[in-house]
Amino acid sequence: MAITQPLLPLEQFYWREKRHPDRRYLIQPQAGGQVEELTWGQVGEQARRAAAWLRQLELAPGSRIAIISKNCAHWIVADLAIWMAGHVSVPLYPNLTAESVRQILEHSESAVAFIGKLDDWPAMAPGVPEGVRTVGLPLRPTGRFDHLWSDLQACTPITDNPAPQACRLATIIYTSGTTGVPKGVMHSFGNFGFTGRQAVALFGVQEGDRGLSYLPLCHVAERIFVEVVSFYGGQTVYFAESLDTFIHDIRRARPTLFFAVPRIWTKFQHGVFARMSPRRLDVLMKLPVLGGLLRRKVLAGLGLDAVRYAFSGGAPVPESLLDWYRRLGLEINEVYGMTENCGYSHVGRPGERKPGWIGRSNPGVEVRISTEGEVQVRSQAVMQGYYKEPSMTADTLTEDGFLRTGDKGELDGSGFLRLTGRIKEIFKTSKGKYVAPAPIENRLAEHEQIELVCVVGDGLPRPMALCVLSETGKAQAREHLEGHLHRLLGDVNAGLDKHEQLKGLVIIGDLWAVENGFLTPTLKIRRAMVERHYGHCFEAWGEHARAVLWHDGKENGHGDLATDSGSRAAHSPAG
């Protein structure tokens, strides 16, 4: 008896395209309140026409094709077309600087770039190298493009069903490296297929499910758990139009599966508190009948009343926030994963919650803790390696195929995982974006008034820089120096991608020296010491309105915080 091999992503799409061609698949809001609905058959036909156009270019098999766009229906259609034409998709974040755009397109040697929804295309466009063909998607910014989507749709659709092998490269996802230079994570069709099948089985995804796509599709989490899982589970995918319409969009979708980063869960909560005080809400929710009605009303107002599975990932979630949603009747399950393993590693299961711990490993995932305390995982979701970076790949993948996550952690007797810190210096904000601090620190340290600088931001909405002044800086009047620091902050942020931009500068009055443990014998900053000493202040500093804050190093080393010369406006939590 022949053994049937599991279907890979494109094959799974063809199966759905044939099974229910007239079933709604992608729901795209348009400007002016209109909504476009694409069926599985329409998505297939448009992708096949675009694939025919790509074939006409006679590019070498496996050529790289970029997608630069915010989430939209034709992001997925373009991805399918690239795969059908035998090429590799290279998604880019929609808010990169022109320098980062050029860096990725040149490194990947992309031949074509699909351009879709963007907020500031004129600032990004100079980053497209000469010779890269641009194709404007239906929802696109104003500007000149070599071709429009309508040009591609004039082609006769391909009639075959190309089926790349599991080992074939499907995509290169660029993520920040420790040097600040993006790394190209290579994932095969086999990686995506394994993860998609496992996720559908793990969460029981069905054709009646609905998802809202709003986190960047260029990020592996949205790519897998929206795009790929839709091929295997068959759910309908709704898209958000903008931040201004987000609540309306989510109410339209009424998702049954919903993933968010901690920052979004917090924003939802604050939105509820803006209408009713936390104390009053807590009292009312405890009432036998009214409490149940109120909980359902709150979830319905958020568009979350139909959610079967709710997930949070990208950064730790405060236990108090999880408890608040649980009292509303919504269980949020924490997810742990990386770009390098398709975001598929660990997840909390309903009924198996252990406060402070993420959960057990996912089916098909092996996990171990190294002698250095590093979490290492192995599965069919682990990347092929970093594009054009064999030495970096060797540093990240062990000889026996385990992924070095860079996270410190521990396992309990039931296999539950708890993260205890980062081995690598690169950190992740509460929005799930990686930031490499070293390049930002180097730019700030070029200023003559700054001697030492440490960029922090793990689990914070935005990074910030802790700075120790040089003797030159200390000799200047605060009023005069503050103007220089404001300009420095603006200049540095202008050269950074949006997720890297600093919330502000905190000028530290304490001494950082070898003797007190802040510096190594070679005068490098001990980041762990800085975070341990000032970490209790980070949240308050991050919420402050001022861009330049002064921490004067008083009160047992924790200090007062002055927001300008001569005035005290805030204290650290210890102050």
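Would you be able to say whether some residue in the stretch 39-62 is β-branched (V, I, T) and modelled with pLDDT under 95? No, the stretch 39-62 contains no residue that is β-branched (V, I, T) and modelled with pLDDT under 95. Among the residues of the stretch 95-112, are any outside the structural domain of V455 (by TED's automatic domain parsing), touching a His at 6+ places or on another chain (Cβ under 9 Å) and modelled with pLDDT of 95 or more? There is at least one residue in the stretch 95-112 that is outside the structural domain of V455 (by TED's automatic domain parsing), touching a His at 6+ places or on another chain (Cβ under 9 Å) and modelled with pLDDT of 95 or more.
It is to be established whether one or more residues within the stretch 218-233 are farther than 26 Å from Y174 by Cβ and either in contact (Cβ under 8 Å) with a residue 12 or more places away in the chain or touching a helix residue (DSSP H, G or I) at 6+ places or on another chain (Cβ under 7 Å) (or both). Yes, that holds for at least one residue. For the stretch 69-90, state whether one or more residues are of a type in the set (A, V, I, L, M, F, W, C), surrounded by fewer than 15 Cβ atoms within 10 Å (Cβ to Cβ) and free of Cβ contacts under 8 Å to residues at least 60 places away in the same chain. No, the stretch 69-90 contains no residue that is of a type in the set (A, V, I, L, M, F, W, C), surrounded by fewer than 15 Cβ atoms within 10 Å (Cβ to Cβ) and free of Cβ contacts under 8 Å to residues at least 60 places away in the same chain.
Let's see how each residue does on (1) part of a strand (DSSP E or B); (2) at pLDDT below 90; (3) under 30 Å from A475 (Cα atoms):
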| position | (1), (2), (3) |
| --- | --- |
| K388 | no, no, no |
| A394 | no, no, no |
| G401 | no, no, no |
| S414 | no, no, no |
| L419 | yes, yes, no |
| K431 | no, yes, no |
| E448 | no, yes, yes |
| E451 | yes, yes, yes |
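For T134, the criteria (1) among the β-branched types (V, I, T); (2) modelled with pLDDT of 95 or more; (3) touching a Leu at 6+ places or on another chain (Cβ under 9 Å) hold in every case but one, which is (3).
A528: among the hydrophobic types (A, V, I, L, M, F, W, C), surrounded by fewer than 19 Cβ atoms within 10 Å (Cβ to Cβ), in a loop (DSSP other than H, G, I, E, B) and out of contact with any Pro (no Cβ under 7 Å at 6 or more places or on another chain), yes or no? No: the conditions fail for A528. Screening the candidates V220, V205 for the property of being touching a Leu at 6+ places or on another chain (Cβ under 9 Å) and either crowded, with 18+ Cβ neighbours inside 10 Å or at pLDDT below 95 (or both) yields one hit, V205.
Tell me, please, whether a residue that is modelled with pLDDT under 95, in contact with a strand residue (DSSP E or B) (Cβ under 9 Å, 6 or more places away or on another chain), part of a loop (DSSP other than H, G, I, E, B) and more than 24 Å from A513 (Cβ to Cβ) can be found in the stretch 476-491. Looking for residues that are modelled with pLDDT under 95, in contact with a strand residue (DSSP E or B) (Cβ under 9 Å, 6 or more places away or on another chain), part of a loop (DSSP other than H, G, I, E, B) and more than 24 Å from A513 (Cβ to Cβ), one finds none in the stretch 476-491, hence no.
Within the stretch 125-145, take every residue that is surrounded by 14 or more Cβ atoms within 10 Å (Cβ to Cβ) and part of a loop (DSSP other than H, G, I, E, B) and give me the one that is farthest from the chain's Cα centre (by Cα). So, considering only residues that are surrounded by 14 or more Cβ atoms within 10 Å (Cβ to Cβ) and part of a loop (DSSP other than H, G, I, E, B), the one farthest from the chain's Cα centre (by Cα) is F145. Within the stretch 453-468, the set of residues being in a loop (DSSP other than H, G, I, E, B) and surrounded by 22 or more Cβ atoms within 10 Å (Cβ to Cβ) comprises G457, L460, P463.
The residues listed here are V185, V181; of these, the one that is aliphatic (A, V, I, L, M) and modelled with pLDDT under 95 is V181. When restricted to residues that are hydroxyl-bearing (S, T, Y) and under 16 Å from A78 (Cβ atoms), the stretch 94-108 contains 1. Could you check the stretch 441-469 and list, in sequence order, the residues that are within 20 Å of the chain's Cα centre (by Cα) and either under 15 Å from G504 (Cα atoms) or of a type outside the set (G, A, S) (or both)? Answer for the stretch 441-469, where residues must be within 20 Å of the chain's Cα centre (by Cα) and either under 15 Å from G504 (Cα atoms) or of a type outside the set (G, A, S) (or both): V455, V456, G457, D458, L460, P461, R462, P463, M464.
Considering L59, L96, L38, the condition of being in a strand (DSSP E or B) and over 20 Å from G193 (Cβ atoms) is satisfied by L38 alone. Pairing residues of the stretch 437-455 that are over 12 Å from I525 (Cβ atoms) with residues that are among the basic types (K, R) and at pLDDT below 85, at Cβ distances under 8 Å and at least 6 apart in sequence or on separate chains, gives no pairs at all. For the stretch 509-526, indicate whether the set of residues that are under 22 Å from K424 (Cα atoms), hydroxyl-bearing (S, T, Y) and modelled with pLDDT of 90 or more is non-empty. Checked against the condition, which is being under 22 Å from K424 (Cα atoms), hydroxyl-bearing (S, T, Y) and modelled with pLDDT of 90 or more, the stretch 509-526 yields no hits at all.
Once the stretch 240-260 is narrowed to residues that are farther than 15 Å from L304 by Cα and in contact (Cβ under 8 Å) with a residue 60 or more places away in the chain, the residue that is surrounded by the fewest Cβ atoms within 10 Å (Cβ to Cβ) is T245.
Answer with yes or no whether G32 is out of contact with any Cys (no Cβ under 7 Å at 6 or more places or on another chain) and on the phi > 0 side of the Ramachandran plot. Yes, satisfied.
What is the number of the single condition among (1) among the hydroxyl-bearing types (S, T, Y); (2) in contact with a Lys or Arg (Cβ under 7 Å, 6 or more places away or on another chain); (3) under 20 Å from T39 (Cβ atoms) that S188 does not meet? Looking at each condition in turn, S188 falls short on (3).
A single entry from R48, R16 fulfils the requirement of being basic (K, R), in contact (Cβ under 8 Å) with a residue 24 or more places away in the chain and assigned by TED's automatic domain parsing to the domain that holds R140: R48.
The values are calculated or read from the model by the stated rules, or taken from the named source; none is laboratory data. Computed from a predicted structure; not experimentally measured. Virtual Cβ from ideal backbone geometry, glycine too; neighbours counted across all protein chains shown.
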